[in-house]
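Computed from the coordinates by the stated procedures, all read-outs in this text should not be read as laboratory data. It should be emphasised that the depicted structure is a prediction, and the values quoted were computed from it without experimental measurement. Here the Cβ is made from the backbone with ideal geometry for all residues, glycine too, and neighbour counts use every protein chain on show.
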Amino acid sequence: MAVLAHPDDESLGLGALLATYAARGVETYLLTATRGERGRYFTNDHRPSDAEVGLVREAELRAAARVLGLREVALLGYVDGELDRAAPQEAVGQIVAQLRRVRPEVVVTFDPFGAYGHPDHVAISQLTTAAVLAAADSEFPNDVEPHLVSKLYYFVTDERRWAVYQSAFKRLTSRVDGEERTAVAWPAWAVSAIIDARDHWRTVWRAVSCHETQLAVYGRLCELTPDEHEALWGSAAFYRVFSRVNGGRACETDLFAGIP
């Protein structure tokens, strides 16, 4: 199960992972916290209401999920840009409910830096990490039997991949409380797993293309060569937050390593 903040996070951030495992027949689920209703809308000319933008972006999300081969998409319904102000107990409880219902072996979410400091990304990382622990706690209030996740990962990006990513998009930043936050690269030695998705980069690009409202800012993507697309969508890196089934410094090639 991937637990993310906005429509398009699943394609731009985790498309390589999701497409690869769905193609292998793994039951792959997505939980998205918001509908992205305050995000960009094409060129933002003649922009409709936030509610309408949210409906359009949810439709794009579901279209991308079909391309990626996901089994299910669920939304929490929080307001875009306000996830860090959600009541923690209530938000954690919603994620716990999904974890206990689906009972995933592996959970993936944003890293603590939120990739480039986006407050919603940071918040979903914190909330998901707390929910994975709470889901296993028999004293956490919920009518469903507790569930113990085998492995939790943060998806991360090293300096080389950030350079490729930002050359194709733009310089990703987030302005918070008057301060500009930029992309945070992880050192290569901290990467716990790298998934080879070269056979699936075309699927990821088709999923990315479903988010038409966002592509106006990323126009250069349509000009990339196949090799450049493969560099963008052909792999994914992760930090293993915890595992009940394996450990060590060796870099994994499968997030299910160690799970019977």
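Charged side chains reduced to their Cβ positions (Lys and Arg at +1, Asp and Glu at -1) give region 40-81 a dipole of some 200 debye around its Cα centre. Ordered by the number of other Cβ atoms lying within 10 Å of each residue's own Cβ, fewest first, Asp111, Asp196 fall into the sequence Asp196, Asp111. Remark: the chain carries a charge dipole of roughly 420 debye about the Cα centre, counting +1 on each Lys and Arg Cβ and -1 on each Asp and Glu Cβ.
Among Val92, Pro146, Pro7, flag the residue with its Cα farthest along the positive direction of the charge dipole of region 2-236, charges on Cβ as +1 for Lys/Arg and -1 for Asp/Glu. Towards the positive end, the residue furthest out is Pro7. About the centre of its Cα atoms, region 173-226 shows a dipole size close to 160 debye [charges on the beta carbon of Lys, Arg (+1) and Asp, Glu (-1) only; nearest 20 debye]. Taking the centroid of alpha carbons for each part, region 72-145 and region 221-260 are 22 Å apart.
Each pair of Cα atoms in region 2-236 enters the Kirkwood radius, and Stokes-Einstein at 4 °C and 1.567 mPa s then converts it into a translational diffusion coefficient of 71 µm²/s. The fewest-to-most ranking of Glu145, Glu228, Glu52 by surrounding Cβ atoms within 10 Å reads Glu145, Glu52, Glu228. Counting beta carbons within 10 Å around each of Cys222, Cys210, Cys251 and listing the fewest first gives the order Cys222, Cys251, Cys210. When the chain is described by a simple charge dipole with +1 on each Lys and Arg Cβ and -1 on each Asp and Glu Cβ, the residue from Tyr29, Val53, Tyr41 located farthest towards its positive end is Tyr29.
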